Amino acid sequence: MKNIFYSLLLMLLSQQCFAKSSTVDQEKLLDLYQNQKYAEAALYLRNIYTDNTNNQKALIQIGYCFLMASNNVEAEKYYSKAYQLQPQNLSILFSLGNISTRRGNQQMAKKYYGEIVKIDSNNFSVYKLLANLYHSVKDSMRSVYLLKANRLNPNEADIAIDLAEVHGVNQEYEKAYHVLDVAIKADIENLVLQRTKLLVANQLKKYQEVITSGEILLKDGDDATVIRDVAKAYYYTKKYDQAIKHFSKLEKLLMQNENTLYFTCLSYRYLKNYKMAAIYAKRTIEEAISPNTASYYALLGLTYEENNQFKLANAAYKKGLQFKATPTLYYRLATLYDTKLKQPKPALNYYKLYLGSKPNAEDDQVEIKFTKERIAQLNLAY
């Protein structure tokens, strides 16, 4: 009976004063936290305090649990109520800004973070968060917030990298180099900072620095970006053998592109290895041309043909053949000469070229059958 009496008394006291959390089983709550059962913790606290509570600490605690449980709607509900009670609470503002960002409401996030700036103009974290709300590197506001964050904490790597990117886009390479240099001195072993600095150093023609730093970085494993920067530095210092060696590494990693193949071609040319230079010149051209170019010309030609612009269609199909001889282009030219231009001899030639280009036996069976029949007919006529 005594236990029942004390329990009833405890409930009455808790109802009279929400500020006292004596009804909360702290051990149970701690256990829920430790096992990351935040949704259960939120419901547990909400049942104790009820939705009508004005206990700010309770509202924040429930909001936090819902936030950790990824229930952003309920989290925003409780933090908003806490915000009404104390609108200048930094913790509440940060949480509401975070929730707004998660829910894609960037304007509200900017509003909450902007209120933090008014309260604490030297808050590094809020400038970092604000900068991330402006995604374009060319956005002036992103630059403003990154500059403020970097001024407050020039050693922070993420901000230094982002700010260097902004400077790079504006071709302010000296500024980018300085920002990264300061951050690296504070964190010498930060490989991301070092890799970023290599690109800027190349732009500033600090080629020996790129080679020295890059070769050290490559000892920890191949990185396509670092290999490319080091290879270019070797090229610009006229160490063409080393340039080719590093560009070849990109090919082994299947990370070559038009630009790297072009520099490989030039390196061979300066070494007077004209055979390899010619090979890489051709590869550069092939890399520069889209594999779909022939298909695009086929589409262009068909469009002209459907509009009765037969000469233009003919020119488009033949232009496509310069990039890649496809069965489609041969078939289109054959039917164009046969049915529209009424020129059987070139039509016969393109029908034969169509069959010789090995069209897909299953997908193109109708066209193949028609072509064979038409070749037989044209052969009889001529």
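Among the residues of the stretch 229-264, just one is open to solvent by less than 10 Å² (accessible area, probe 1.4 Å), under 14 Å from A277 (Cα atoms) and small (G, A, S), namely A243.
Modelled with pLDDT under 95, out of contact with any helix residue (DSSP H, G or I) (no Cβ under 6 Å at 6 or more places or on another chain), not assigned by the TED database to the domain that holds T335 and not basic (K, R): is that true of N259 in this structure? No: the conditions fail for N259.
Applying the criterion of being open to solvent by 50 Å² or more (accessible area, probe 1.4 Å) and assigned to a helix (DSSP H, G or I) to the residues of the stretch 70-89, the residue that is farthest from R102 (Cα to Cα) is L85. Restricting the first member to the stretch 250-262 and to residues that are assigned to a loop (DSSP other than H, G, I, E, B), and the second to residues that are of a type in the set (K, R) and open to solvent by 70 Å² or more (accessible area, probe 1.4 Å), no beta-carbon pair is closer than 6 Å while six or more apart or on different chains. When the stretch 298-334 is filtered for residues that are charged (D, E, K, R) and part of a loop (DSSP other than H, G, I, E, B), only K324 remains. Screening the stretch 335-344 for residues that are in contact with a Phe, Trp or Tyr (Cβ under 7 Å, 6 or more places away or on another chain) and outside any loop (DSSP other than H, G, I, E, B) and picking the one that is most open to solvent (accessible area, probe 1.4 Å) gives K340.
Residues to consider are F66, F94; find the one that is farther than 24 Å from Y134 by Cα and either open to solvent by 70 Å² or more (accessible area, probe 1.4 Å) or aromatic (F, W, Y) (or both). Just a single option satisfies the conditions, and that option is F66. Flag not set for A288, criterion: crowded, with 17+ Cβ neighbours inside 10 Å and over 28 Å from I368 (Cα atoms).
The values are calculated or read from the model by the stated rules, or taken from the named source; none is laboratory data. All values reported here derive from a predicted model rather than from experimental measurement. When we count neighbours, we look across all protein chains shown, and the Cβ atoms used for this are built from the backbone with ideal geometry, even at glycine. With ligands, DNA and RNA removed, areas are computed over all heavy atoms of the protein, side chains included. Shrake-Rupley method; radii C 1.70, N 1.55, O 1.52, S 1.80 Å.
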